[in-house]
Amino acid sequence: MYKTILRRFLVLIPQLFLISVVMFVLAVNMPGDALSGMLDPNLPLATIEQMREDMGLNLPWYQRYINWVGGMLVGDFGRSTAHMQPVLDVIGERIWNTFSLGVYSLFLTYLIAIPLGVLAGKHSGTALDKAIITYAFVALAMPTLVLGIVMIFLFSPIGLGWFPLGGSVSAVVLSTGTPFEIFLNQLHHRTLPAISLSLVSTITIIFMLRANVIDRKASDYVTLARSKGVPSRTIFGKHILRNSLVPVASHIGLAIAFTFGGAVFIEMIFSYPGMGTLFLDSINRRDFPVANVIVMFFAFLTALGVLLSDIILTIVDPRIRIR
Amino acid sequence: MEQNTISLENKGLEMALSTKPPSLFVLFWRELKHDAFAFISLFVLIFVIVAVYAGAFFLTSTRDVMSNNLINQNQSPQDSGSLLGTDSNGRYVAPLLFVAARNSLNISFAVTGISFIIGLVVGVTSGFYGGKIDNTIMRIVDTWTMIPALMFIIAMISIADQRTVGLFILFLTMFTWMARTRLVRAAALQNCNMDYINASKTLGTRNSVIIFREMLPNLVDIVVANFVLSLAASIGMETGLSLLGFGLGMEVPSLGTMLQAALQPVNLQFRWWTWAPALILVVIIMLCINFVGNALQRVADPKQRYQ
Amino acid sequence: MKKHRFLTILAMLAVSIFIAACAAPAVDEVAVDPVDPVVGGGNGDDNGVGPDETVVHSIHPALVVLDQISLRYPQAVNNPGPILQPGDTGNIIRAAQPTTTTFPGIFERTMQSEAQDGTILDLNTSAIVSLTPEFTWGTQGIALISFAPDYTWVQLDMQYDVYWHDGTPFTLDDLVFAYEIITHPDYTGIRFVPAHFFPIIVGVDEWRDGTADHISGLVLSNNNRTLRIYYTEPLPPGAQFGGSIWLQPTPRHWLEPVIEELGVANLADHARARHEAVGFGPWIIDTVVPGESVLFRANDNYHRGRPLADYLLFEGVHFDLVLSAMREGLFDVTIGFVPAANYEEHVLFNANNYTMASWVGPGQGFMYFRTGTMVPDEYGSLATPRDDNHPIQNLAIRRALSHAMDQELKAITIQNGLSTPAGNILNPFNARQHIDPNVLGFFFDLDLANSILDEAGFTERGPDGYRLNLDGSPMYFNFAANDNSFNQQAVPTYLQNWSNIGLDVRLYTGDLIEWNTFLDNVLLSDNWSETVHIFISNWSLGFNPAPHGLWGSRVPFNLSRHTSPTFDAILDDIASQDAWNPEFLSDAYYRWQVYMYENAVAAPMFWGVQIFAVNHRLQGYDLTRVEGRINIPEQTIFWGLTAPVAYVNTN
């Protein structure tokens, strides 16, 4: 099995390489470049042209690509043109935000989804089950964005005021608060986006869990246990629940990938300064060094997530083995 | 007596051999009869789709729904004399809703349809032929899946000189075909290991005949169920992108562009008619699709079927 | 079963058509027939901007309207009450900046390029010379500026003792340091431009070559309180305006070690150019949340007095949420204007805890008619009249197009009454004193537009109802505008306006153009010169109203590519040494306005005001252009708070 994992990792490299080439070509062909935003009647064209030359923007794309890859191999991920900082510094500022939001959101996802899914499965066919399914469908039907907007208008200071308007932390607290206070404040800022982000993931898990529970309920070993006289609660807890949770655990990899990927929309609505808004900004400002690295990063994360799912699945379910 | 038994047995055998398994439609109908939600949803869905297409056809051939008329902007239903008032461009919301819904549905059908055709072709090839072909194809699918879809779509739309509908469909399809392929391939693999395929192969039937006549019909249930469910996903994607401003151009209304009005507090609070109809329509369509799609899925999976 | 199905579908079809028919209004109201021109909404007489040219105005009529609009929201807001003193609880001003992006966080003038960083920097530091209400150099800043009689040198004399935030005394050597950075050969910022007169400083070439270890043209006195900058040529009249000569210093003691360590190119990497930046203004940077917000604390040693508040919290907030936040009392003031599109929200919600202040804004849009192309020559490229005899070169066509635009409608509906149709090619923001009251703009008058075309001979119409060219061939115009929310609403109406006078104007590519594509093909190059005839573009005007930056014959921003001997002569006059004489300058501006009107080179679109929201607990917010209060930092030291917590909307 370790051989397979290693093989998967090795295959990852050419895959990432391919993606990076595609992204790079895409970026180079976009109308406008990093200096477009500086158009200003006070800036003569000759200066802008000179700056282009200096920044190497006039080189053919394969040349720039080679420079970029070469740089990456020695740890130099390029400089952001908009932030005038090394790309790693720029991303470093934001990565904690996205990461913490993702983790928080995953936590909430499972917190909400597992009880709901189990309940729906256990009481399948009843009104409770129908209610949960309907909730799931409605949540599925509403585009994430609309959900986010609704949340803002309900819970932010514009509505009930339970949560702040946006941002990741309050500067005042950051300046004057204890680390614990800062942590709480950050949590406070992240709750609304995390809930919005998690709502869609919960649906897949609820359905999966529900289906699994229903399956197990009708299975042979459960019937056997019942006929032996084992109390319902034990049957449920020991047999059904544990076995149902297994595929859910394997889903975590995909959930990770989805959460980080889907964050772009959410971050935009909540003005949350994470990698998603960084990506949007860098596309708008044609700051390609940053955009390329972010895309690579997410691709890597997605691949990792899928791999993680497969590995967990193999570990917990002996029936499946990676070929 | 003996003769009767034998003839009865023969008759039984005959009947058994001549009765076909119930068709997809019959199974589906059975399922529907026992699931009130799905039943209602199906009819609502059909009604909405027909109404939208008919209404849009009628409207675009008789008037200019899209003309700007700023003087009339933002009139409530009472003021404007029309059922749903006008939006910020002075366009009447009600006819616009028909055209927008039709556009959204068109795009979703196109995206889902095309990605399905690709998925079927690639998936069946991969699953049926197996081996090296399967491996190569799956490597490609894997790589493509790794690309962060949203980011690429945003980047590509920023590139495009012109935001045509065709381009938009292309972009969406580019990132949805992988999941279909995987699904079809899994089903194909399952089927290929089954005896009836092996029997046909032993008999020497041509591959294409095996695929088309024997395997495909068995894939139909799964494929149809997934098709319907992914319609909903396509609508969701298109709406989301349009809301953000990465959707269609100015002249092509869609449910997503109509929802953009909800992004402003003034509209949200004072001018419900600019965004609420679109929202309700989106929710209804997606809910119905989901209920119907789930019913179809239960049909495809004998374990979950209503017995 | 089958029959039932079919009937059901038929019934649903019928029902849906019925609904569609009921829901849509009658046909006639919406369609516009190009064959019979519809004379819409009057000819604009209501504003006093009328075609009656025998009347002599003492104030430009459009200026009158603009002033009325500004009166709606005062330039100065005063909320009485006892002011919180330093040390009181809740003595923190919370300022919101309406924006959609995050800021890069480069808080060093030489390297800063994003506007958002600039606004934040304004609170932390400032230019060393103040500005007068006409945006020329004033006398209340840290230093006084004086010019040589022949304008070949400039002298700065410090008049106050000023200290950087870490206590080090400020001297003019810090300004020299800024010059050394910007003119350094490794400099990667965007400030080394002729507009700041860097290339013509004496000794700059040797500095850039590396043959000199300082710039010989920058001469400091022994105590570093006087500086003379020598130039190789006389400075043009533009040098008297703010923002021309570079007067933003950089702390040498703070950043020279950084340069020694990282080099000039990477100056912006270091924390000392970011959240540890040091300025000498009223507010000291305390904490930065990257991209989102900055917390400032008051500078006790500011030479003009300590700010009344203890802290200032500056946050970027999304446009659509800003006013909601104001209603909830989350912010006390907006630094940065509230977009006109969101203004409706203010009116409709009618909150009682804040008011608006306004001033005439620097935005100006033009409708350009491309009458020429850029032809490369030995010096670069030169504007040359078109050679394809397109009707856009016909003056009557351009005048008709200009008079057919119903800008009033757009000002009221899209910009919510915060603008008025522009009355003149000049803008009251920076050229109010030059606006001649009798040079009227292109007011909306369909009759006039039609008669202009008729008199010019464009009387025949083709089968589709559009006018034919003089030689009988059909004519059409391509129109390009970039994709923003204003254009999305306005462009279809422009097209309709023009179709009402019988001119066929089409959207090039069929849709609005994405900004970067627009930039590449319209502004920065001539790719679309042959094919596109009409554009819209918007600028944010600077302090100097001189037009050669936007209309010069070699400048790419001259989007109309218009040129003629008279035109070039007027531009040269305004930029010449003679223009240091105010009378000469006035006369040149007069000729400029008349030329632009008579030749319909481009049609200016709107004059407007910008609005800022002010919570009642902010004691005062004064936008009147008084020397010493032009810039935000100069204003903020005067803002005090009258309550420990913000007022919340109680409606």
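The values are calculated or read from the model by the stated rules, or taken from the named source; none is laboratory data. Please read all numbers here as calculations on a predicted model, not as lab measurements. Positions of Cβ are generated from backbone atoms using ideal geometry, with glycine treated the same way; all protein chains shown enter the neighbour counts.
Numbers at a glance
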| quantity | calculated |
| --- | --- |
| Matching entry among C:170, C:198 (being within 31 Å of the chain's Cα centre (by Cα) and either aromatic (Phe, Trp, Tyr) or closer than 18 Å to residue C:250 by Cα (or both)) | C:198 |
| Tally of residues being surrounded by 22 or more Cβ atoms within 10 Å (Cβ to Cβ) and either more than 13 Å from chain C (Cβ to nearest Cβ) or of a type in the set (Phe, Trp, Tyr) (or both) across segment B:259-272 | 1 |
| Residues that are crowded, with 21+ Cβ neighbours inside 10 Å, in contact with a strand residue (DSSP E or B) (Cβ under 6 Å, 6 or more places away or on another chain) and in a helix (DSSP H, G or I), drawn from segment C:308-324 | C:322 |
| Test: residue in segment C:379-389 that is among the aliphatic types (A, V, I, L, M), touching a Lys or Arg at 6+ places or on another chain (Cβ under 7 Å) and more than 18 Å from residue C:488 (Cα to Cα) | yes |
| Criterion violated by residue C:540 - all others in (1) surrounded by 18 or more Cβ atoms within 10 Å (Cβ to Cβ); (2) touching a residue at least 40 places away in the same chain (Cβ under 8 Å) satisfied | (1) |
| Selected residue (criterion: farthest from residue C:578 (Cα to Cα)) from residues of segment C:127-166 that are surrounded by fewer than 17 Cβ atoms within 10 Å (Cβ to Cβ) and free of Cβ contacts under 8 Å to residues at least 40 places away in the same chain | C:159 |
| Residues of segment C:209-260 satisfying the condition of being assigned to a loop (DSSP other than H, G, I, E, B), crowded, with 17+ Cβ neighbours inside 10 Å and without any contact (Cβ under 8 Å) to a residue 24 or more places away in the chain | C:217 |
| Candidate set: segment C:183-208, residues that are in contact (Cβ under 8 Å) with a residue 40 or more places away in the chain and out of contact with any Phe, Trp or Tyr (no Cβ under 8 Å at 6 or more places or on another chain); chosen: the one surrounded by the fewest Cβ atoms within 10 Å (Cβ to Cβ) | C:186 |
| Residue check for residue A:18: exposed (fewer than 13 other Cβ atoms within 10 Å of the Cβ), modelled with pLDDT of 80 or more and within 22 Å of residue A:301 (Cα to Cα) | no |
| The one condition in (1) part of a helix (DSSP H, G or I); (2) surrounded by fewer than 16 Cβ atoms within 10 Å (Cβ to Cβ) that residue A:204 fails to fulfil | (2) |
| Among residues of segment C:81-116, those that are more than 9 Å from every other protein chain (Cβ to nearest Cβ), among the charged types (D, E, K, R) and out of contact with any Leu (no Cβ under 8 Å at 6 or more places or on another chain), counted | 1 |
| Number of positions in segment C:277-297 that are away from chain A (no Cβ under 14 Å) and farther than 17 Å from residue C:248 by Cβ | 0 |
| Residue check, residue A:137 aromatic (Phe, Trp, Tyr), surrounded by 19 or more Cβ atoms within 10 Å (Cβ to Cβ) and closer than 22 Å to residue B:37 by Cβ | yes |
| Of the criteria (1) closer than 30 Å to residue B:279 by Cα; (2) not in a helix (DSSP H, G or I), which one residue A:83 fails | (1) |
| Only listed residue being at pLDDT 85 or above, surrounded by fewer than 18 Cβ atoms within 10 Å (Cβ to Cβ) and of a type in the set (Asp, Glu), chosen from C:67, C:88 | C:67 |
| Out of A:98, A:81, A:126, sole residue that is within 14 Å of chain B (Cβ to nearest Cβ) and either in contact (Cβ under 8 Å) with a residue 40 or more places away in the chain or surrounded by fewer than 20 Cβ atoms within 10 Å (Cβ to Cβ) (or both) | A:98 |
| Filter pass, residue C:62 being at pLDDT 85 or above, touching a strand residue (DSSP E or B) at 6+ places or on another chain (Cβ under 8 Å) and either exposed (fewer than 11 other Cβ atoms within 10 Å of the Cβ) or within 30 Å of residue C:409 (Cβ to Cβ) (or both) | yes |
| Within segment A:214-259, considering residues that are among the hydroxyl-bearing types (Ser, Thr, Tyr) and under 21 Å from residue A:109 (Cβ atoms), the one surrounded by the fewest Cβ atoms within 10 Å (Cβ to Cβ) | A:250 |
| Scan of segment B:217-258 for residues that are within 17 Å of residue B:157 (Cβ to Cβ), within 14 Å of chain C (Cβ to nearest Cβ) and in contact with a Leu (Cβ under 8 Å, 6 or more places away or on another chain), ordered by number | B:242, B:243, B:244, B:247, B:249, B:250, B:257 |
| Subset of segment C:308-322 (residues that are more than 10 Å from chain A (Cβ to nearest Cβ) and either under 28 Å from the mean Cα position of the chain (by Cα) or closer than 14 Å to residue C:94 by Cβ (or both)) | C:309, C:310, C:312, C:319 |
| Within segment C:330-397, strands (runs of 3 or more DSSP E) holding 1 or more residues that are within 23 Å of residue C:545 (Cα to Cα) and more than 25 Å from the chain's Cα centre (by Cα) | C:380-385 |
| Enumerated helices (runs of 4 or more DSSP H) restricted to segment C:404-466, each holding at least 3 residues that are crowded, with 18+ Cβ neighbours inside 10 Å, among the polar types (S, T, N, Q) and within 14 Å of chain B (Cβ to nearest Cβ) | none |
| Qualifying residue in segment A:160-171 (condition: facing chain C (nearest Cβ under 10 Å), without any contact (Cβ under 8 Å) to a residue 40 or more places away in the chain and on the phi > 0 side of the Ramachandran plot) | yes |
| Checking residue A:200 against (1) within 19 Å of the chain's Cα centre (by Cα); (2) more than 10 Å from every other protein chain (Cβ to nearest Cβ), the condition it does not meet | (2) |
| Where a residue in segment C:334-361 is acidic (Asp, Glu) and its partner, wherever it lies, is buried (at least 20 other Cβ atoms within 10 Å of the Cβ), with Cβ under 6 Å and at least six apart | C:344/B:266; C:345/B:265; C:345/B:266; C:345/C:323 |
| Among (1) away from every other protein chain (no Cβ under 14 Å); (2) without any contact (Cβ under 8 Å) to a residue 40 or more places away in the chain; (3) within 18 Å of the chain's Cα centre (by Cα) - the single one residue B:214 does not satisfy | (3) |
| Residue match in segment A:264-277 (condition: aromatic (Phe, Trp, Tyr) and touching a Phe, Trp or Tyr at 6+ places or on another chain (Cβ under 9 Å)) | no |
| Residue in segment A:53-70 that is at pLDDT 70 or above, assigned to a helix (DSSP H, G or I), within 24 Å of the chain's Cα centre (by Cα) and within 14 Å of chain C (Cβ to nearest Cβ) present | no |
